[in-house]
1. Please go through (1) surrounded by fewer than 17 Cβ atoms within 10 Å (Cβ to Cβ); (2) out of contact with any strand residue (DSSP E or B) (no Cβ under 9 Å at 6 or more places or on another chain); (3) farther than 22 Å from residue 193 by Cβ for residue 124 and return the number of the only condition it doesn't satisfy.
2. Out of the residues in segment 127-137 meeting the condition of being surrounded by 19 or more Cβ atoms within 10 Å (Cβ to Cβ) and in contact with a helix residue (DSSP H, G or I) (Cβ under 8 Å, 6 or more places away or on another chain), tell me which one is farthest from residue 72 (Cα to Cα).
3. Looking at segment 66-76, can you tell me whether even one residue there is more than 16 Å from the chain's Cα centre (by Cα) and free of Cβ contacts under 8 Å to residues at least 40 places away in the same chain?
4. So which residues in segment 100-113 are closer than 19 Å to residue 179 by Cα, assigned to a loop (DSSP other than H, G, I, E, B) and touching a helix residue (DSSP H, G or I) at 6+ places or on another chain (Cβ under 8 Å)?
5. Would you pick out the residues in segment 153-198 that are over 30 Å from residue 13 (Cβ atoms), touching a residue at least 60 places away in the same chain (Cβ under 8 Å) and surrounded by 15 or more Cβ atoms within 10 Å (Cβ to Cβ)?
6. With the requirement that a residue be surrounded by 14 or more Cβ atoms within 10 Å (Cβ to Cβ), touching a strand residue (DSSP E or B) at 6+ places or on another chain (Cβ under 8 Å) and over 18 Å from residue 24 (Cβ atoms), what does segment 74-94 give you?
7. Are any residues in segment 78-91 free of Cβ contacts under 8 Å to residues at least 40 places away in the same chain and under 15 Å from residue 53 (Cβ atoms), and if so, which ones?
8. Could you check residue 103 against (1) touching a strand residue (DSSP E or B) at 6+ places or on another chain (Cβ under 8 Å); (2) surrounded by fewer than 17 Cβ atoms within 10 Å (Cβ to Cβ); (3) under 14 Å from residue 69 (Cβ atoms) and say which number it fails?
């Protein structure tokens with residue numbers, strides 16, 4: 001499957017109310033980022049942010065060093081149009097996570113959209129290395145849980161328990177908080193997510 005074409009087609013043909021991941025207010029992600037208590041000028045990246053409104057809310061909270069990465073240029077364009085002049089406050093990166101080469105360190109690496117799509121062991125290991133090398137403070141992740149869907153947008157995903165996430169990322173990070181919660185989609189169905197917030201563990205390496 002041509003992954004980029006798949007996502008470009010989705011964003012070209014469907015409105016935010018026609019896709020399952022839309023959140024009017026991404027309250028959980030926003031709360032976990034605020035609880036990290038980093039400086040407002042510290043670098044934050046939202047992996048797979050697309051046209052999520054997380055960036056809108058982070059701007060409202062006063063964060064000034066924001067990056068949104070997504071494989072779909074159409075998704076990023078939607079967000080830019082919605083933000084208007086405020087779009088200039090954000091760095092937009094159109095890239096597949098598997099080929100993304102960060103040029104800076106991020107205080108917070110946030111991902112509620114991408115990691116569970118990585119089902120190949122090499123891709124998962126590569127992602128782990130990216131996070132470990134380029135995150136200085138907090139790694140915040142939301143994935144489909146063992147009680148969540150098996151597919152998203154027609155693509156098979158990998159489900160995760162809290163213990164599995166801790167096993168994968170616990171070498172470089174210390175688990176601070178974790179929980180599971182339902183995301184209610186725009187069409188009133190529930191998807192169960194596993195959320196975890198990790199703090200960088202510099203004593204490990």
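The values are calculated or read from the model by the stated rules, or taken from the named source; none is laboratory data. Just so it is clear, the structure is predicted and the values come from calculations on it, not from any experiment. When we count neighbours, we look across all protein chains shown, and the Cβ atoms used for this are built from the backbone with ideal geometry, even at glycine.
1. The single condition residue 124 does not satisfy is (3).
2. 131
3. Within segment 66-76, none of the residues are more than 16 Å from the chain's Cα centre (by Cα) and free of Cβ contacts under 8 Å to residues at least 40 places away in the same chain.
4. Within segment 100-113, 112 is the sole residue that qualifies.
5. Of everything in segment 153-198, those that are over 30 Å from residue 13 (Cβ atoms), touching a residue at least 60 places away in the same chain (Cβ under 8 Å) and surrounded by 15 or more Cβ atoms within 10 Å (Cβ to Cβ) turn out to be 197, 198.
6. Correct list: 76, 80, 89, 90, 92, 93, 94.
7. Result: 79, 80, 81, 82, 83, 84, 86, 87, 89, 90.
8. Residue 103 satisfies every listed condition except (1).
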